[in-house]
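Trainee: Shown below is the structure under consideration.
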Amino acid sequence: MTTRRYDSAFPTSYNKDADTYIEGMSKREFFALMIMHGLTAANLQFEDDYQKARAAVMQADALIDILAAE
């Protein structure tokens, strides 16, 4: 199964009141969120929150690249 950065991490849903489909967050966003959670829980020191966020996104991209290659 190929994993792409912008695939939906969750199925889309339908809002019948607004008659629209709602896209969930992408796999990239979801992976970065989970990695950021782990970095925060590990109490690692970063210069600022942006450095922590960049690290999480870079690791999420690396994970997706590895999953896509399998």
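Trainee: Take ALA68 and decide whether it is surrounded by 16 or more Cβ atoms within 10 Å (Cβ to Cβ) and part of a helix (DSSP H, G or I).
Mentor: For ALA68, the condition - surrounded by 16 or more Cβ atoms within 10 Å (Cβ to Cβ) and part of a helix (DSSP H, G or I) - is not met.
Trainee: Take the residues in the stretch 14-70 that are hydroxyl-bearing (Ser, Thr, Tyr) and within 17 Å of the chain's Cα centre (by Cα), then tell me which one is nearest to ARG4 (Cα to Cα).
Mentor: SER26
Trainee: Looking only at residues in the stretch 7-28 that are among the small types (Gly, Ala, Ser) and in contact with a strand residue (DSSP E or B) (Cβ under 9 Å, 6 or more places away or on another chain), which one is farthest from ARG54 (Cα to Cα)?
Mentor: SER13
Trainee: Could you count how many residues in the stretch 15-59 are hydroxyl-bearing (Ser, Thr, Tyr), assigned to a helix (DSSP H, G or I) and surrounded by 10 or more Cβ atoms within 10 Å (Cβ to Cβ)?
Mentor: Number of matching residues: 1.
Here, each number is a calculation from the coordinates, and none is a lab measurement. Everything numeric in this text was worked out from a predicted model, so none of it was measured. Because the Cβ atoms are built from the backbone with ideal geometry, glycine has one as well, and the counts that use them run over all protein chains shown.
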